[in-house]
Amino acid sequence: MTSTIVALAALVAIIAVDGCGSSSGQTLAATRIHGRTLTIYASGPLRGPSTVSGEAVINGARLALDQVHSRIGEYRISLKILDDATVARGGWDPGQTTINVGVAVLDPTTIGYVGDFNSGASAISIPPLNRAGIPQVSPTSAAVGLTSAALGAQPGEPQKYYPTGIRTFARVVPNDRIQAIAQVRVQQEMGCTSTFVLTDGEVDGADAARSFEVAAEAAHLRLAGVGMFVRDATSYKALATGVAQMAPDCVMIAADTESGAVLLTTDLAAAMPTVKIFGTAGLAESTYADPSQGGIPLSVDSRVVVTSPTLGLSEYPPSARAFNTAYTRRFGPPQPDAIFGYEAMSLMLYGIERATDRGTEPAVRSRVRTAIFGTHDRHSVLGTYSINGNGDTSLQRYGVYGIVQGHLTFWEAIDA
C-alpha cells in the first residue's frame, strides 16, 4: 500500500510540474539506464472501434522487436503495452493516457516510448516524457502543432509540449499538412467545387480540418462551411439536413471511427443522395468500411473516399512486402496503420543500437534521442527518409482509398 501511495504521489508531482512549464534554457538529463534490461512502452487504444488499428500498430511493433530477438548486444529489450482506451469513453481516454505515461516515466528501465496513436493522446504524453528525457516515436500522431508552429497549429504550439526546450518526440507518419494537400487534390480530381467540413472536435480531427482549410484556400477550393458534430450522437439527421441546405457537392469528415463517424456518414448520404464523402486517416480502418464490423452500409461505398498515410505495397520497397507477409502469417491481414507501428519500433531500436554502439556501451536516454533525431536517409519499409530537427519525417506521400464491398481499396499515391 505504501509503495502505491508513493508512486501515485510521484505521478501527481510530475503532472503538476509539467503544468507549470519551465524555462527553455533547461537541458535534458543524460539518464543512464542501469542493468541489462531496457524497457520500451508502446501505447494505443485497445478498446472501442479503433481497437483494430491500435492492435495493428502494437502488433507491428511486436514484429519489429521479435525480428531482433528482443536483444541489442548485451541488452534485453522488454516491451510493455499500454491501453489508453476505456470502456466508458469507447476509445482513447485522456485520463487513462495520463496514468499510462506516468507508469513509463516512473520506470527506471524505460529507454523509449512508441506512441501515442492519437494526436490528442500525444499532446498529453509528450510533456512528461520530455521532462524525463524519454525519447518518443509516434507511428500515427499527425497533428501539425505537435512539432511545428506552421499554419494549422494552435497558439502556443509546439512550445507548450516541450518544457525542457529540447525535442524528444519524433514521428514516422507525414503530418496533417501533407494529408490536407492530398485531400484537396483528390477532391478536385473528383470534381468537387464546394466542400463542407465536419470535425469531431478532437485534436486529430480539429487539426486535420484546420490544415484542410489552409490547403483548400491555397488551391482555390471553396469551403461551403465548417462545423463540429457531437461525438456518438444517436442521430445526425438534423445535422445532415442543415449541411444539405448549404448545397455542397462534397463533404469531408475529419474524425476517427469511434466518434460516431459511421452513423454520421450514413445520415449524410441519406440527406444528400449525390454528395461525395471524404474521410481523413482516422477512418482508414475496417470498423468504418466494413458493415460486418459495424461500418457503413455497402450502398454508400461508391461515394466514400478515405485518405491514409499508408500506400499500396507496389509503392513501397521490397522490404514492405516482406513485412506484409510476416505480419499476415502471424496476425492476419494488416490494417493500414500496422506498417507504421512496425517502423516506429524499428526506428526506436535503430536509435538504441546507434546510441549503445550495438549494445556494447551504456544505455543513455539522451543519446538515444540524439540518435533518433540524427536519422538521415534511413532505408525502411516506408522508403528512404530522414527525421528533421522538429521530429518530422521527410516522407511526403499520402494514399487515397476507395471502399469496395466493405474493403478499403488502394487507388493512388499523392506526392505533396
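The values are calculated or read from the model by the stated rules, or taken from the named source; none is laboratory data. All of these numbers come straight from a predicted model, not from anything done at the bench. So basically every Cβ, Gly included, is an ideal-geometry build from the backbone, and we count neighbours across all protein chains shown. Heads up: the accessible areas ignore ligands, DNA and RNA and are worked out on the full protein's heavy atoms, side chains in. Shrake-Rupley method; radii C 1.70, N 1.55, O 1.52, S 1.80 Å.
Of note:
- Qualifying residue in the stretch 68-75 (condition: modelled with pLDDT of 95 or more and buried (at least 20 other Cβ atoms within 10 Å of the Cβ)): yes
- Residue ID - nearest to Thr280 (Cα to Cα), chosen from residues in the stretch 119-133 that are in contact (Cβ under 8 Å) with a residue 60 or more places away in the chain and open to solvent by 10 Å² or more (accessible area, probe 1.4 Å): Ala123
- Top-ranked residue in the stretch 374-416 [being surrounded by fewer than 17 Cβ atoms within 10 Å (Cβ to Cβ) and among the hydroxyl-bearing types (Ser, Thr, Tyr); ranked as farthest from Pro135 (Cα to Cα)]: Thr409
- Val203 being of a type outside the set (Asp, Glu), under 21 Å from Ser125 (Cα atoms), in contact (Cβ under 8 Å) with a residue 24 or more places away in the chain and out of contact with any Phe, Trp or Tyr (no Cβ under 8 Å at 6 or more places or on another chain): yes
- Residue that is farthest from Ala209 (Cα to Cα) [pool: residues in the stretch 239-258 that are assigned to a helix (DSSP H, G or I) and in contact (Cβ under 8 Å) with a residue 60 or more places away in the chain]: Glu258
- Any chance Glu202 is over 14 Å from the mean Cα position of the chain (by Cα) and either open to solvent by 10 Å² or more (accessible area, probe 1.4 Å) or farther than 30 Å from Leu79 by Cβ (or both): no
- Residues (touching a Gly at 6+ places or on another chain (Cβ under 6 Å) and either among the small types (Gly, Ala, Ser) or surrounded by fewer than 23 Cβ atoms within 10 Å (Cβ to Cβ) (or both)) located in the stretch 45-67: Leu46, Gly48, Ser50, Gly54, Gly60, Ala61
Okay, residues lined up against (1) farther than 25 Å from Thr375 by Cβ; (2) touching a residue at least 40 places away in the same chain (Cβ under 8 Å):
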residue	(1), (2)
Val57	no, yes
Gly60	no, yes
Gly73	no, yes
Thr86	yes, no
Gly90	yes, yes
Ala104	no, yes
Gly112	no, yes
Gly115	no, yes
Pro135	no, yes
